[in-house]
């Protein structure tokens with residue numbers, strides 16, 4: 001089953017957007033600025049700078065996504081240092097760092113964190129009454145993957 005991790009009422013939220021989606025994410029963040037001000041925000045490079053300027057709220061900035069920010073964020077997910085990810089990714093354009101993006105999305109699912117890839121889902125998550133409470137999350141146990149024997 002894994003173990004239970006409690007997500008605090010003050011969530012650690014990652015904000016990520018591809019270039020063609022940065023405007024959408026910034027507009028969404030501004031629209032939700034009151035709720036977001038109650039949480040700790042993280043973002044990859046340029047996105048973090050733009051959101052911080054628009055909201056007037058501190059954002060912990062990682063490297064730019066293609067320069068390692070996606071991998072930094074993935075490490076934070078695996079280390080249970082993020083509770084939620086809002087990643088407005090561009091489904092219409094190939095990304096040069098697509099493998100990093102897929103790895104980040106895979107980790108968010110594998111570690112059972114909240115994840116929104118579009119405005120509608122992000123709005124539903126952010127306005128849920130559960131956002132205001134501590135919430136128990138089951139963190140899957142992947143130890144079985146480590147002990148599998150290779151069949152020859």
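The values are calculated or read from the model by the stated rules, or taken from the named source; none is laboratory data. The shown structure was predicted, so the numbers you read here are calculated from the model rather than taken from an experiment. Using ideal geometry, Cβ is built from the backbone for each residue, glycine included, and neighbour counts are taken over all protein chains shown.
Every test in (1) modelled with pLDDT of 95 or more; (2) surrounded by fewer than 23 Cβ atoms within 10 Å (Cβ to Cβ) is passed by residue 51 save one, and that test is (2).
Residue 124 meets each of the listed conditions (1) outside any loop (DSSP other than H, G, I, E, B); (2) without any contact (Cβ under 8 Å) to a residue 40 or more places away in the chain; (3) in contact with a strand residue (DSSP E or B) (Cβ under 9 Å, 6 or more places away or on another chain); (4) surrounded by 13 or more Cβ atoms within 10 Å (Cβ to Cβ) apart from (4).
Per-residue answers, yes or no, for (1) touching a residue at least 24 places away in the same chain (Cβ under 8 Å); (2) under 21 Å from residue 100 (Cβ atoms); (3) out of contact with any helix residue (DSSP H, G or I) (no Cβ under 9 Å at 6 or more places or on another chain); (4) buried (at least 17 other Cβ atoms within 10 Å of the Cβ):
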{"position": "28", "(1), (2), (3), (4)": "yes, no, no, yes"}
{"position": "39", "(1), (2), (3), (4)": "yes, no, no, yes"}
{"position": "42", "(1), (2), (3), (4)": "yes, yes, no, yes"}
{"position": "46", "(1), (2), (3), (4)": "yes, yes, no, no"}
{"position": "56", "(1), (2), (3), (4)": "no, no, no, no"}
{"position": "60", "(1), (2), (3), (4)": "no, yes, no, no"}
{"position": "79", "(1), (2), (3), (4)": "no, yes, yes, no"}
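Among the residues making up the range 89-106, those that are part of a helix (DSSP H, G or I) and surrounded by fewer than 21 Cβ atoms within 10 Å (Cβ to Cβ) are 98, 99, 100, 101, 102, 103, 105, 106. Picking from residues in the range 10-20 that are within 15 Å of the chain's Cα centre (by Cα) and either closer than 20 Å to residue 72 by Cα or modelled with pLDDT under 95 (or both), the one that is surrounded by the most Cβ atoms within 10 Å (Cβ to Cβ) is 14. Of the residues examined, residue 86 is not one that is outside any strand (DSSP E or B) and touching a helix residue (DSSP H, G or I) at 6+ places or on another chain (Cβ under 8 Å).
Quick check on this structure: which one of 151, 138 is in a strand (DSSP E or B), modelled with pLDDT under 95 and more than 20 Å from residue 18 (Cβ to Cβ)? Matching residue, one of 151, 138: 138.
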